[in-house]
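Undergrad: Encoded as structure tokens, here's the structure I'll be asking about.
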Amino acid sequence: MKKWLLSIIIIIILASVGFGFYWIYGTKKSTPSPSTSPTIFASAKKEFTLKDKIAIASYYGWYFKDPAWAETTNAEHPLAGSYNPADDLTIDYQFTLASDIGLDAFLFSWNGIDNPNDQAMIKMISKIETSNEYPNFKIAPFYENINFKWMGPNKTFVDELSYLINLSKEHSAYLKLNGLPVIFVYNPQTIDLNRWQKILDEVKITAGDAYYVAMPDNWDVSDDYFKYFQTITTYADKYISLNDISTHYQDLTKQGKPLIATLIGGTSRIQKSGFDFDRSNGQYLNARYEIAKKNNANWLYITSWNEWFEYSQIEPSRESKFETAKYLREILANFKNKTFSDVRAKWTVSAESQTQIKNDGPGNIYYVRCGLQDKSLLLSLVIKAGEVKTFNQSCPEVSGWLLNNTKIEYKK
């Protein structure tokens, strides 16, 4: 046999053997094992860009059956009743309702490391990450200590901001923009720019960078702060005219800064310079949205989800019911160019020695009570579409609320 023919035969044999090994071992390696398969959380959107039209509402985790809800106060009172924001069932209800309305994140009022407030925020973050019901919902910190601890040492601020940035590295439910953790800073103008430079230089060395948003009460932060803050939004700029607010928005746009426009659910019943606005029919909320829309806002920020003491809350109250939530839902659908179907009631109630309620959908039913009054015994904060709940309580009358501000009732 000629040498060239023998060489060809050997090459063919070696190639066949090699292909066989690849078929046996290579293909097996390319098939993921169950332990490395994506979890239900892998599909969650881990970060946003300014092109994503998202809506954020400030959330207060320090109302622990607070005296602010006492019957003698001027504040409104939660339709949910006096609650603990760190309770598991309450957290689930808050996320469900907020997602129903169209919110994408809570801006959690955070005031320090390793305290009940911090633990409540981490618990909320973990709740998102261990549930498949609201996989894209996020939490961002509303850092208020610059305003309240401004006389303290720089090290306090360095440690706390570094802590928040490092926390973002551990949790996909932490709000990120273009890969950077988002931190809203309340009244950053409380300290001067020289201190900010020292603080943020040290934070960057210690933990890395972040997307800092300056959030004064009003527009009293100079443009010099853009050196350290990517943009400016306001907490509650209700003391100036809507035209002046629009002018501030235009100035931001001219400078090429992102516009996070502020909407306000209602305003203070505590007389502050006479600036109290009626939330009736969503008029003030809509007026603020029209300005945001006119100026092509990137994101919307809502004051607030549950700042009850200042009457700005979106969360339903005994006094205003779901009125503000209903209008905000319509606004957010418009903002995101989405449509939604009306929420319809469909439930089956069996009231014997026990009460069984089946929600045949398609919407969630909130504040289900044993009785027709909004102060009746609360059976459940929410019964979700398709869910069945049984209560060891005989309830010949049952009531609940839908997101479209409709109360539904059952009488045996």
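Please treat every number below as a calculation from the coordinates, not as lab data. A quick note: this is a predicted structure, and the numbers were derived from the prediction, not measured. So basically every Cβ, Gly included, is an ideal-geometry build from the backbone, and we count neighbours across all protein chains shown.
Undergrad: Any idea what the relative contact order of the range 347-411 is, in percent, if you count C-alpha pairs under 8 Å spaced at least 6 apart?
TA: Relative contact order here is 35 percent.
Undergrad: A follow-up question, please. Just list whichever of Lys346/Lys411; Lys53/Lys407; Lys204/Lys336; Lys51/Lys169 have alpha carbons separated by over 26 Å in the model shown.
TA: Lys53/Lys407; Lys204/Lys336
Undergrad: Related question: Taking the beta-carbon count within 10 Å as an exposure proxy, list Ser304, Ser131 from fewest neighbours to most. The partial results should precede the final answer.
TA: Details: Ser304 26, Ser131 16.
Ranked by crowding around the Cβ, least crowded first: Ser131, Ser304.
Undergrad: Sticking with this one: Kindly provide the pair-distance distribution of the range 164-204 built from C-alpha pairs, with 10 Å bins from 0 and whole-percent values in order of increasing distance.
TA: 24, 45, 28, 2
Undergrad: Something else about it: Around Ser58, which amide H atoms from residues at least 5 apart in sequence, or from another chain, sit under 5 Å from its own amide H, with H modelled in the peptide plane?
TA: Correct list: Leu107, Ile302, Trp305.
Undergrad: Equivalent-ellipsoid semi-axes (√(5λ), Cα gyration tensor) for the range 55-335, whole Å, largest first?
TA: Values: eigenvalues 147, 110, 68 Å².
After diagonalising the Cα gyration tensor, the semi-axes are 27, 23, 18 Å.
Undergrad: I've got another one for you. Average the reciprocal distances over every distinct pair of alpha-carbons in the range 347-411, invert the result, and give the Kirkwood radius in Å.
TA: Taking every pair of different Cα atoms in the range 347-411, averaging 1/r and inverting gives 11.4 Å.
Undergrad: How would Ser126, Ser353 line up from fewest to most surrounding beta-carbon atoms within 10 angstrom?
TA: Values: Ser126 14, Ser353 7.
Ascending Cβ contact count within 10 Å gives the list Ser353, Ser126.
Undergrad: Tally Lys/Arg at +1 and Asp/Glu at -1 over every other residue whose Cβ is under 10 Å from the Cβ of Ala55; what's the total?
TA: Charge balance in the 10 Å sphere: +1.
Undergrad: 5 Å is the cut-off here: which amide hydrogens, built 1.01 Å from N in the peptide plane, fall below it relative to Thr262, excluding neighbours closer than 5 in sequence?
TA: Thr234, Tyr301
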